[in-house]
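Here is the structure we will look at.
The values are calculated or read from the model by the stated rules, or taken from the named source; none is laboratory data. Note that the coordinates shown come from a computational prediction; the quantities given were computed from them, not determined experimentally. Note that we place each Cβ from the backbone using ideal geometry, even for glycine, and neighbour counts take in every protein chain shown. To get the accessible areas, we keep the full protein, side chains included, count just its heavy atoms, and leave off ligands, DNA and RNA. Shrake-Rupley method; radii C 1.70, N 1.55, O 1.52, S 1.80 Å.
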Amino acid sequence: MLKKAVLTMVTLAVLCGSAWAEKTIVFATDATWPPMEFVDGSKNIVGYSIDFLTAAGKEAGFTPVFKNTAWDGIFAGLSGGRYDAISSSVSITAERQKKMDFSEPYFTVHQALIVQKASKAASLADLKGKKVGGQIGTTGYFAIKGAEGVVAKSYDEIGLAMEDLNVGRLAAVVCDDPVAANYALIKYKDTLRIATVLKTDKPEYYGFAVKKGNKEVLDLLNKGIAAVKAKGIEKELKKKWIGQ
Amino acid sequence: MAESESEKIEIGEGAAIPSPEDKGLVSAWWIALLGTVALLIALPIKDPSTYGKVLTFIPDGILVTFEVTILSISLALVIGLLTGLGRISKNRYINLAASLYVEVVRGIPLLVQLFYIYFALGRFVRVPDIVAAVIAMAFCYGAYMGEVFRAGIKSIDFGQSEAALSQGFNQAQTMRYVILPQAWRTILPPVGNEFIALLKDTSLVSILAVADILRRGREYASESFNYFETYTMIALVYLLITLILSKLISNMEHRLSYYEKR
Amino acid sequence: MKNADPIIHIKNINKYFGTFKALDNVSQDVTPGEKVVVLGPSGSGKSTLLRSINRLETIDSGTIIVDGHDLYDPNEDINAIRMETGMVFQGFNLYKHKTVLENLTLAPIKLKKMPGEQANDLAMALLDKVGMRDKADSYPVMLSGGQQQRVAIARSLAMEPKIMLFDEPTSALDPEMIGEVLEVMVTLAREGMTMVVVTHEMGFAREVADQVVFMDEGAIIEQGTPSHFFDNPTHERTKLFLEQIL
């Protein structure tokens, strides 16, 4: 048994060595965030950010490997060195920048308010005293917590919040607009609708997160992002996944 | 389910309940309690911005945890009593229904049941999340309680039933006035254990977005990134609660054995 | 007295435990005030017969009528019939979680809706009678076997039954405690209680019984007055039994 394990490790080491030219970067991704990153019918992790990184890797010379990781604790795993980077629709915020480094933005995002079709709510201000759900530790959830008089409720996955909104346990859900569109326009198109996009002072951007000081990976990512944008690949991907 | 089960009720998971006679366990209990209290006081003083913040974040979560625990155990006791009676019933349909319930519940992980009942209920009736969580917890624990009740009732000498029946008590009165008051003493230690186990298992309802201790802690950690500090405090809070409860239960158990002392 | 209508009427009853025939076509009448002592080797069916009189054992065929009530008539309330029939067990079976006093008052209060004070007075009078007044507040576990059995008799009497059934009341007792229990039973007999007693106490049978019934292998082999039974038994098996036991 031990012999076998040692043999396997040696083989792996050799393989890695031979593939050194193409650096492998392991990304943690919470694949519950369609259409940015999610698990498709054949159990593959797919989505906008997956395609984006694959293209970026081709341009900058790295191979992305995706590791499906629960959102809650995803940042702790990064500082614990369990993966090289996070590609999980992470909005760049001042608090997060204190703890980790971010790549250049790769996507502009807004927070969308989703309600039941019958609901008359047009903004968070209309939902005083009501329960509004978001995914734990997301900018959407922080927006709910920041809204006066609204009862914030945090979920492990945005899908669970959508289900509770669908059955009426919640009055609304706040999340990133591409995700909101995916749920309100496709999955729950008969029952839910997007009420509004929350207005903010500054635009919100997704970035890939790396451990503080990991310049090697950060440089590769930025090189790839720049190339994907310059070559017009970004436009194709948006068309494919977001439909715009 | 073998009928050859011994009369002794197995103590399942849950904190070991210290017997007042057992000096070793009692002192272990004291050490744990003092250590927990000391850490809960010292850590926030040492670092108010992390450990201290956690403590200000979770008090309403503690209330929710208690609320879910107490409601669940109450409902589970009722379900358990009915199930236990059903399992010893001579009516084969009642017996079958009760046994089927126990088999089904015992075969499904609690977490899966929680998800299932929470979202299945949501499809048919509009109940608040805490109610759904309580129903799910009680549905699961009711089956275990049923086994505890069954064993407790069966542990009472049949002569007690016969004496009551011969005086003219019907089956229900016999159960109520003679069997259950005695069975309760046998039942209490495992029920106490289940109570503590249930309290710990309520941490699972945090997955259903019920804002209990664990979820409040996770919300704090996800904002502050202070994972280590948060879970240290959460573990200590749970430990403090279960330590106090196990002591209360052991005292209650001691008092209930009044009629066995010479 | 002997010619009165029977208060217990047992006619052709049969009872099986699986394939084992526990009662074999047994018939027996007991008139009010009569004391019937049932004797026989162990396994002869005497306890089963006694227990069938208040339907703690159900019979497979035959008729049992107690104080005019057919035990197997679905319109009859078995619990009401049981209230009129006190039963004393070999193992006492006192309610362990109740004090001596509460053991006596539980049934009158819950079943007869007797006011608590009245039930207490009745219970204390009965405890006096069996010599257990000073133990009223003790729990059964604190009492000796003989004391427990005396309390058990008082508990049955608290329902003011018309009939008392005794199922080997002294068999589980240490020899020095048998006397105190028998003494209570003799007193009860003198007061005119209708009694059916399964026992191995030959002295008691001789002294108290109006009628002795001898059972073997589920059937009544011989019955008669104590003097007939002990001095002139007719049946071989009776003789053999008496030789072994006396």
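Only one entry in B:I156, B:I196, B:I207, B:I179 is over 30 Å from C:M87 (Cα atoms) and within 14 Å of another protein chain (Cβ to nearest Cβ), namely B:I207. Here A:D40, A:D51 are screened, and the one residue that is more than 16 Å from A:F107 (Cβ to Cβ) and either among the charged types (D, E, K, R) or modelled with pLDDT of 90 or more (or both) is A:D40. Considering B:S224, B:S257, B:S250, the condition of being more than 14 Å from every other protein chain (Cβ to nearest Cβ), out of contact with any Gly (no Cβ under 6 Å at 6 or more places or on another chain) and hydroxyl-bearing (S, T, Y) is satisfied by B:S250 alone. Mind checking which residues of segment A:48-63 are surrounded by fewer than 24 Cβ atoms within 10 Å (Cβ to Cβ) and under 30 Å from B:Y227 (Cα atoms)? The one that is surrounded by fewer than 24 Cβ atoms within 10 Å (Cβ to Cβ) and under 30 Å from B:Y227 (Cα atoms): A:I50. You will find that of C:V130, C:V30, C:V141, the residue that is farther than 14 Å from C:M159 by Cβ and touching a strand residue (DSSP E or B) at 6+ places or on another chain (Cβ under 9 Å) is C:V30 and no other. With respect to the conditions (1) open to solvent by 10 Å² or more (accessible area, probe 1.4 Å); (2) within 14 Å of chain C (Cβ to nearest Cβ); (3) part of a helix (DSSP H, G or I), B:I187 falls short on a single one, namely (1). If you filter segment A:128-162 down to residues that are of a type in the set (D, E, K, R) and facing chain B (nearest Cβ under 9 Å), you find that the one that is nearest to the chain's Cα centre (by Cα) is A:D156. Restricting segment C:92-104 to residues that are under 14 Å from C:S156 (Cα atoms) and open to solvent by 10 Å² or more (accessible area, probe 1.4 Å) leaves a set whose member that is farthest from the other protein chains (Cβ to nearest Cβ) is C:L101.
When segment C:53-72 is limited to residues that are in contact with a Leu (Cβ under 7 Å, 6 or more places away or on another chain) and of a type outside the set (A, V, I, L, M), the one that is surrounded by the most Cβ atoms within 10 Å (Cβ to Cβ) turns out to be C:N54. Is segment B:238-248 home to any residue that is open to solvent by 40 Å² or more (accessible area, probe 1.4 Å) and closer than 30 Å to C:M142 by Cα? Looking through segment B:238-248, at least one residue is open to solvent by 40 Å² or more (accessible area, probe 1.4 Å) and closer than 30 Å to C:M142 by Cα.
Can you tell me which residue among C:L182, C:L165 is in contact with a Ser or Thr (Cβ under 7 Å, 6 or more places away or on another chain), open to solvent by 20 Å² or more (accessible area, probe 1.4 Å) and closer than 27 Å to C:A107 by Cβ? After applying the criteria, what remains is C:L182. Counting only helices (runs of 4 or more DSSP H) that sit completely within segment A:147-244, those holding 3 or more residues that are of a type outside the set (D, E) and touching a Phe, Trp or Tyr at 6+ places or on another chain (Cβ under 8 Å) correspond to A:158-167, A:215-230, A:233-241.
Would you be able to say whether some residue in segment C:128-135 is part of a strand (DSSP E or B) and at pLDDT 95 or above? Taking every residue of segment C:128-135 in turn, none turns out to be part of a strand (DSSP E or B) and at pLDDT 95 or above. For segment B:159-176, the tally of residues that are within 8 Å of chain C (Cβ to nearest Cβ), within 17 Å of C:A80 (Cβ to Cβ) and out of contact with any helix residue (DSSP H, G or I) (no Cβ under 7 Å at 6 or more places or on another chain) stands at 0.
For segment A:139-161, the tally of residues that are in contact (Cβ under 8 Å) with a residue 40 or more places away in the chain and touching a strand residue (DSSP E or B) at 6+ places or on another chain (Cβ under 7 Å) stands at 5. Taken together, A:K98, A:K43 contain a single residue that is in a loop (DSSP other than H, G, I, E, B), without any contact (Cβ under 8 Å) to a residue 12 or more places away in the chain and surrounded by fewer than 17 Cβ atoms within 10 Å (Cβ to Cβ), which is A:K43.
Filtered by the rule that a residue be in a strand (DSSP E or B), touching a residue at least 60 places away in the same chain (Cβ under 8 Å) and open to solvent by 40 Å² or more (accessible area, probe 1.4 Å), segment C:18-47 gives C:K21, C:D24, C:N25, C:S27.
If we scan segment B:199-220, do we find a residue that is of a type in the set (D, E, K, R), farther than 26 Å from B:S250 by Cα, touching an Asp or Glu at 6+ places or on another chain (Cβ under 8 Å) and buried (at least 21 other Cβ atoms within 10 Å of the Cβ)? Within segment B:199-220, one or more residues are of a type in the set (D, E, K, R), farther than 26 Å from B:S250 by Cα, touching an Asp or Glu at 6+ places or on another chain (Cβ under 8 Å) and buried (at least 21 other Cβ atoms within 10 Å of the Cβ). Looking across A:K223, A:K189, A:K199, A:K231, one residue alone is more than 24 Å from A:G140 (Cα to Cα), surrounded by fewer than 15 Cβ atoms within 10 Å (Cβ to Cβ) and of a type in the set (K, R). It is A:K231.
Applying the criterion of being of a type outside the set (A, V, I, L, M, F, W, C) and touching a Phe, Trp or Tyr at 6+ places or on another chain (Cβ under 8 Å) to the residues of segment B:34-85, the residue that is nearest to B:Y144 (Cα to Cα) is B:G80.
If the condition is being open to solvent by less than 10 Å² (accessible area, probe 1.4 Å) and either among the aromatic types (F, W, Y) or more than 10 Å from chain B (Cβ to nearest Cβ) (or both), then segment C:144-162 contributes C:G146, C:Q149, C:V151, C:I153, C:A154.
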